[in-house]
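Data block below; observations after.
Computed from the coordinates by the stated procedures, all read-outs in this text should not be read as laboratory data. On a predicted model such as this, the values are computed, not experimentally measured, just so you know. Reconstructed Cβ throughout: ideal geometry from the backbone, glycine too, with neighbour counts over all protein chains shown.
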Amino acid sequence: MISTISQLVARVESNGIPYAMRFEPKFTVSPQAVNNCIRAYKPLQISRATAEMICRTSWGKFQIMGENLYTVCNLQGDVNAFMSNEELQEACFQTFIEKRGINFTLEDIRQDAGKMSMFARRYNGSSEYAVTLKRAMGW
């Protein structure tokens, strides 16, 4: 039974699998995210191309884009550590929804179509994501 927004998103994005990843080759990354990613990997030296790949990939059970991990969530480590730490994934998810202004409860989005739409757009980039969330909730 889904009882929280994080459970809902994890179900929809990865079926709750913490090591899920999905490469988005057309996603445009910011120079800031690439630079932050490179810094986070120190002392290991990763190339800009590797950092761009990391930023173009969504990671973990919430499928947070690397771009957002290294900007919005301010991740200070590598994605391998992120993928192996479910508590860190939860913390980054919470940071992401707070900073994006969508820290809603499951009841909030069930009862308010505007909040549902806002959550869909700000979390996934598409208002169509609301349909996916509703299906996962059994609507």
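At 0.36 nm per residue, and after removing the present C-alpha to C-alpha distance, how many nm does the segment from L44 to Q32 gain when stretched out fully?
2.5 nm
Amide H to amide H, which residues 5 or more places from T57 or on other chains are under 5 Å from it, using H placed in the peptide plane?
Result for T57 returns E24, G66, E67.
Compute the separation of the alpha-carbon centres of the stretch 101-139 and the stretch 1-62 and state it in Å as a whole number.
Computed from Cα coordinates, the inter-centre distance equals 21 Å.
Quote the relative contact order of the chain in percent (integer), defining contacts as alpha-carbon pairs under 8 Å separated by 6+ residues.
With pairs under 8 Å counted, the relative contact order is 25 percent.
Taking the alpha-carbon distance from K26 and a cut-off under 25 Å, which lysines remain once sequence neighbours fewer than 8 residues away in the same chain are dropped?
K61, K99
Give the order of L44, L106, L69, L75 when sorted by the count of other beta carbons within 10 angstrom, beginning with the fewest.
Ordered from fewest to most neighbouring Cβ atoms within 10 Å, L44, L106, L69, L75 come out as L44, L106, L75, L69.
Tell me what the chain gives for mean residue ellipticity at 222 nm when only DSSP H runs of n ≥ 4 count, each as -39,500 (n - 2.57), the sum divided by the residue total, rounded to 500 deg cm²/dmol.
That comes out to -15500 deg cm²/dmol.
Rank the residues V34, V72, V9 as a footprinting-exposure proxy: fewest other Cβ atoms within 10 Å of their Cβ go first.
V72, V34, V9
Among (1) 59, 15, 10; (2) 28, 15, 13; (3) 32, 17, 14, which one is semi-axes √(5λ) of the Cα gyration tensor in Å computed from these coordinates?
Matching entry in (1) 59, 15, 10; (2) 28, 15, 13; (3) 32, 17, 14: (2).
Taking the simple approach of a point 7 Å from Cα along Cα-to-Cβ for both Q7 and M21, what is their distance in nm?
2.9
Provide the gained length on full extension for the span D78 to K99, in nm with one decimal, where the gain is 0.36 nm per separating residue minus the Cα-Cα distance.
Result: 5.4 nm gained on full extension.
Can you list the trypsin sites (Lys or Arg not before Pro) in the stretch 83-138 that are in a DSSP coil and have 16 or fewer other beta carbons within 10 angstrom?
Filter output for the stretch 83-138: R100.
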